Each structure stands twice: as C-alpha cells, then as structure tokens.
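Below: one structure, written as structure tokens.
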Amino acid sequence: MKPIIAPSILSADFGNLQRDIEMINNSNADWFHVDVMDGVFVPNISFGFPVMKTLQQHAKKTLDVHLMIVDPDRYIKAFAQAGANILSVHYETCTHLHRSLQAIKAEGMKAGVAINPHTSVQLLKDIIADIDLVCMMSVNPGFGGQQFIENTYSKCAELKSLIIQKNSSCLIEIDGGVNDKTAPVLLAVGADVLVAGNYVFSAKNPEATIASLKNTTPHTLQA
C-alpha cells in the first residue's frame with residue numbers, strides 16, 4: 001500500500017498560491033495539508049479563512065486541516081463550511097476531546113487528533129477507536145524546516161500497536177521533517193500519511209519530489 005502524501009501548503013509561495021495549488025492538483029499528492037496557527041498555542045501565526053476560501057475554490061483534493069489553536073471548538077462549523085474534509089485538533093487544547101471529535105463528525109468531516117512530541121500516545125488509548133487520524137508531530141509545532149525528532153520512530157510503532165490492539169481504523173500521519181531519509185523508516189514503523197512542506201516546496205522539481213515520496217519503499221533504520 002502506497003503512503004498518502006500531503007504537501008503542507010504553509011510552505012507554498014503565497015505570492016503564487018494558485019500556481020502551487022495547481023502543482024499539487026497535478027501531482028501524485030493525495031491531500032493538501034493546511035496548518036492553521038493562532039500565535040497562542042504555537043509561537044507563530046499562519047493563515048485563516050481567506051486562504052481556506054482560495055483552497056476551497058481551486059484545490060481538487062482532500063483538504064486536511066490541522067488546527068494549532070486554542071479553543072478549536074469555536075471554529076469547527078466554520079472550517080466545515082470552508083471546505084475542510086479532515087479536521088485535526090490538538091489533544092493538548094481540548095478539555096473534552098470526545099465532545100470535540102463528535103462535533104467534527106457531526107459536521108460531516110473526518111476527525112483527527114494531533115499530538116505534540118512530548119505527548120504520550122497512551123493518552124489516546126480510551127478514544128483511539130473514535131479517531132480517524134492521529135497527526136503525530138515529529139517537530140515542535142509552529143515553524144517549518146525544523147529537525148526531525150528521532151523518538152518519533154518508536155512513538156509511531158507504539159501508536160500502531162495501540163491501533164491494532166483497539167481494532168481501530170485510525171490512520172497515522174507524520175508532520176515535520178519528512179524527507180527521503182525519514183520517510184522509508186516512518187512507513188516501516190506504521191505511518192500511513194506523510195506531510196511534507198519545505199522538502200517539497202524548496203525542491204527544484206516539487207512534482208518529482210512528491211512522486212518520489214509516493215513511491216517510497218519502507219525499510220527499517222540501519223544500525
């Protein structure tokens with residue numbers, strides 16, 4: 001089974017946003033990954049509904065929206081109306097996570113939960129059967145281009161084991177530091193979805209880079 005590839009629009013050229021959207025439309029990518037940051041939960045501000053409106057108009061693939069914001073429940077309906085197909089909220093921001101997931105699904109979207117590098121996957125064991133996607137941060141959220149956190153490999157394997165144990169159909173998405181070196185190992189330990197930002201958009205040929213990720217062969221980490 002080939003991985004789902006989700007280029008992160010945060011790394012696109014916003015002066016040529018429609019061009020980059022069309023590039024993804026024409027590529028082997030499966031999803032658009034859309035990072036929304038509020039400058040409170042993470043130390044950066046990205047974009048909101050004007051960019052979502054542009055994506056809704058021009059994107060021809062799944063919109064995978066990752067909310068790095070406090071009190072995400074306030075905006076669930078608005079992101080559904082803005083075209084989100086998958087909406088992920090951070091475990092660390094949701095006091096009543098099950099209620100948040102129910103609200104996302106009630107709007108017709110797939111419900112995702114994002115977890116920071118320091119957050120244990122075992123905190124999801126009581127709710128994993130209700131989650132469609134776990135977005136595992138493999139860098140500290142807030143900025144693109146950060147160094148991949150090596151502990152992500154064992155954490156991903158642990159999450160895969162939990163999903164199997166609980167008979168869940170949840171997908172594992174890795175967000176941060178995905179490239180030709182990390183992708184094969186991530187796939188070998190159970191990742192289903194690879195988010196790539198700088199690695200794609202800083203490449204000389206982004207479409208070829210996406211195609212290469214799509215055709216990655218899983219292999220274990222060499223000793």
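Which residues, taken from the stretch 1-51, are among the small types (Gly, Ala, Ser) and part of a strand (DSSP E or B)? Lay out the reasoning, then the answer.
Initial filter on the stretch 1-51 (among the small types (Gly, Ala, Ser)): 6, 8, 11-12, 15, 27, 29, 39, 46, 48.
Residues satisfying the conditions are 6, 8.
(1) surrounded by fewer than 19 Cβ atoms within 10 Å (Cβ to Cβ); (2) touching an Asp or Glu at 6+ places or on another chain (Cβ under 6 Å): which one isn't true of residue 56, the others all being true?
(2)
Hand me the list of helices (runs of 4 or more DSSP H) wholly inside the stretch 141-223 holding 2 or more residues that are more than 21 Å from residue 29 (Cβ to Cβ) and touching a residue at least 40 places away in the same chain (Cβ under 8 Å).
Working: elements: 152-165, 182-188, 198-201, 206-214.
The helices (runs of 4 or more DSSP H) meeting that bar are 152-165.
Would you confirm whether or not the stretch 178-189 contains a residue that is under 21 Å from residue 62 (Cα atoms) and among the charged types (D, E, K, R)?
Within the stretch 178-189, none of the residues are under 21 Å from residue 62 (Cα atoms) and among the charged types (D, E, K, R).
Can you tell me which residue within the stretch 97-121, out of those that are of a type in the set (A, V, I, L, M) and under 13 Å from the mean Cα position of the chain (by Cα), is farthest from residue 157 (Cα to Cα)?
111
Return the residues of the stretch 82-130 that are over 17 Å from residue 41 (Cα atoms), touching a residue at least 40 places away in the same chain (Cβ under 8 Å) and of a type in the set (Val, Ile, Thr); say none if nothing qualifies.
86, 121, 128
Which count do you get for residues in the stretch 35-46 that are in contact with a Phe, Trp or Tyr (Cβ under 8 Å, 6 or more places away or on another chain) and either under 22 Å from residue 85 (Cα atoms) or aromatic (Phe, Trp, Tyr) (or both)?
Total meeting the criteria: 1.
With the checklist (1) surrounded by fewer than 20 Cβ atoms within 10 Å (Cβ to Cβ); (2) out of contact with any Ser or Thr (no Cβ under 6 Å at 6 or more places or on another chain); (3) part of a loop (DSSP other than H, G, I, E, B) in hand, flag the one item residue 70 doesn't pass.
Exception for residue 70: condition (2).
Residue by residue through the stretch 126-140, note down the ones that are in a loop (DSSP other than H, G, I, E, B), within 12 Å of residue 175 (Cβ to Cβ) and at pLDDT 90 or above. Break it down into steps so the answer makes sense when it comes.
As a first pass, look at the stretch 126-140 and keep what is in a loop (DSSP other than H, G, I, E, B): 126-127, 131-132, 138-140.
When the remaining residues are screened for being within 12 Å of residue 175 (Cβ to Cβ), the result is 138-140.
Correct list: 138, 139.
Quick check on the stretch 101-121: of everything there that is assigned to a loop (DSSP other than H, G, I, E, B) and out of contact with any Lys or Arg (no Cβ under 9 Å at 6 or more places or on another chain), which residue is surrounded by the most Cβ atoms within 10 Å (Cβ to Cβ)?
Residues of the stretch 101-121 assigned to a loop (DSSP other than H, G, I, E, B): 107-109, 116-120.
Adding the requirement that they be out of contact with any Lys or Arg (no Cβ under 9 Å at 6 or more places or on another chain) leaves 108-109, 116, 118-119.
Numbers: 108: 9, 109: 21, 116: 16, 118: 10, 119: 17.
Checking each candidate, the answer is 109.
Given the condition within 19 Å of residue 7 (Cα to Cα) and either buried (at least 17 other Cβ atoms within 10 Å of the Cβ) or touching a helix residue (DSSP H, G or I) at 6+ places or on another chain (Cβ under 7 Å) (or both), answer yes or no: does some residue in the stretch 162-171 qualify? Break it down stepwise before answering.
Of the residues in the stretch 162-171, the ones within 19 Å of residue 7 (Cα to Cα) are 171.
So of that shortlist, the ones also either buried (at least 17 other Cβ atoms within 10 Å of the Cβ) or touching a helix residue (DSSP H, G or I) at 6+ places or on another chain (Cβ under 7 Å) (or both) come out as 171.
Looking for residues that are within 19 Å of residue 7 (Cα to Cα) and either buried (at least 17 other Cβ atoms within 10 Å of the Cβ) or touching a helix residue (DSSP H, G or I) at 6+ places or on another chain (Cβ under 7 Å) (or both), one finds at least one in the stretch 162-171, hence yes.
Just the residues that are hydrophobic (A, V, I, L, M, F, W, C), surrounded by fewer than 19 Cβ atoms within 10 Å (Cβ to Cβ) and under 21 Å from residue 149 (Cα atoms), please, taken from the stretch 172-214. Can you show your working first?
The first filter runs over the stretch 172-214 and keeps only residues hydrophobic (A, V, I, L, M, F, W, C), leaving 172, 174, 178, 183, 185-189, 191, 193-196, 200-201, 203, 208, 210-211, 213.
Next, from what is left, pick out any that are surrounded by fewer than 19 Cβ atoms within 10 Å (Cβ to Cβ): 188, 203, 208, 211.
Correct list: 188 only.
The values are calculated or read from the model by the stated rules, or taken from the named source; none is laboratory data. Being a predicted model, the structure only gives us computed values, none of them experimental. So basically every Cβ, Gly included, is an ideal-geometry build from the backbone, and we count neighbours across all protein chains shown.
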